[in-house]
1. It is to be established whether one or more residues within the range 111-121 are of a type outside the set (G, A, S), more than 30 Å from L191 (Cβ to Cβ) and open to solvent by less than 60 Å² (accessible area, probe 1.4 Å).
2. Name the one entry in E106, E97 that is open to solvent by 30 Å² or more (accessible area, probe 1.4 Å), closer than 15 Å to I197 by Cα, touching a residue at least 24 places away in the same chain (Cβ under 8 Å) and in a helix (DSSP H, G or I).
3. Only one residue in G83, G129 is modelled with pLDDT under 85, open to solvent by less than 60 Å² (accessible area, probe 1.4 Å) and touching a helix residue (DSSP H, G or I) at 6+ places or on another chain (Cβ under 8 Å). Which one?
4. Which condition breaks for N199 when tested against (1) open to solvent by less than 20 Å² (accessible area, probe 1.4 Å); (2) of a type outside the set (K, R); (3) within 26 Å of I68 (Cα to Cα); (4) modelled with pLDDT under 85?
5. Assess whether T146 counts as being of a type in the set (S, T, Y) and modelled with pLDDT of 80 or more.
6. Among the listed residues A79, A88, identify the single one that is among the aliphatic types (A, V, I, L, M) and closer than 16 Å to L195 by Cβ.
7. For the range 53-67, give me each residue that is surrounded by fewer than 16 Cβ atoms within 10 Å (Cβ to Cβ) and in a helix (DSSP H, G or I).
8. State which residue is farthest from N204 (Cα to Cα) when the search covers only the range 68-80 and only residues that are open to solvent by less than 30 Å² (accessible area, probe 1.4 Å) and hydrophobic (A, V, I, L, M, F, W, C).
Amino acid sequence: MTFLDYVVAFFKEGGPFLYMLAAIFVVGVSIAIERFIYLTKETTLNRRVWSQVAPLISQGNFRQVISITQKSSAALATALNYGIARLASARRRDDVEKAMDESLLEIIPKLEKRTHYLSALANIGMLTGLLGTVIGLIAAFASIATANPAEKANLLAASISVAMNNTASGLFVAITLLLAHMFLEAKTTKLIDSLEIANVKFLNSVVERRTDAEVDDAPVPTPRGRAAHG
């Protein structure tokens, strides 16, 4: 018996609930693959943007930074656009920081989009498998109640096999989707942390440059002793 034949026989013996579990599994895996591709692409874009703008930010060349970020669809580019746009009118660090926090409110939901469905699908899959198990056991006891004594053992074994197939399938779907959910949550959290770190570095660079500019523009105090002799 080939693996395909085994799968077909497994589904035939498992009853209709196995088809529901298969549909739940396909939907969950599709979401997990789409989220993995999106988060991986977003991480790559953010690293590329940061490697380009980090030297420019340290130099205070914000015009060149804008020319780079406006051409990029990366989440980091969006956050920097918010911060640089606020620099034109804001004099305090808190004002720029609030603008960049506002950008995160726009970015984070996109990064977390549909990931929470995986935990819900895992729970639904486990409960569906449990329901199939209970239905299988009910059928088992109902079949042996009216069967001939010689056939009771075979009917009971077949019905219990159906119940166990549903239990195993429900646990497989739940475990797989929960592992995918945990992995994507960790990947999303790491990406959000990198955005927050980049925001802090940008703010620190802006504050340092403004402080240096204020020191350079400040009038040089005249020593009292020299003024007195004049």
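1. no
2. Of E106, E97, the one residue that is open to solvent by 30 Å² or more (accessible area, probe 1.4 Å), closer than 15 Å to I197 by Cα, touching a residue at least 24 places away in the same chain (Cβ under 8 Å) and in a helix (DSSP H, G or I) is E97.
3. Numbers: G129 fails: modelled with pLDDT under 85.
So the residue among G83, G129 that is modelled with pLDDT under 85, open to solvent by less than 60 Å² (accessible area, probe 1.4 Å) and touching a helix residue (DSSP H, G or I) at 6+ places or on another chain (Cβ under 8 Å) is G83.
4. Failing condition for N199: (4).
5. Against the criterion (of a type in the set (S, T, Y) and modelled with pLDDT of 80 or more), T146 does not qualify.
6. Exactly one of A79, A88 is among the aliphatic types (A, V, I, L, M) and closer than 16 Å to L195 by Cβ, namely A79.
7. Within the range 53-67, A54, P55, S58, Q59, R63, Q64, S67 meet the criteria.
8. Within the range 68-80, the first condition is being open to solvent by less than 30 Å² (accessible area, probe 1.4 Å), and the residues that meet it are 69, 74-77, 79-80.
Now narrow it down to the ones that are hydrophobic (A, V, I, L, M, F, W, C): 74-77, 79-80.
Values: A74: 21, A75: 20, L76: 16, A77: 17, A79: 15, L80: 13 Å.
Among those residues, the one meeting the criterion is A74.
The values are calculated or read from the model by the stated rules, or taken from the named source; none is laboratory data. Nothing here was measured: the structure is a model prediction, and the numbers come from that model. So basically every Cβ, Gly included, is an ideal-geometry build from the backbone, and we count neighbours across all protein chains shown. With ligands, DNA and RNA removed, areas are computed over all heavy atoms of the protein, side chains included. Shrake-Rupley method; radii C 1.70, N 1.55, O 1.52, S 1.80 Å.
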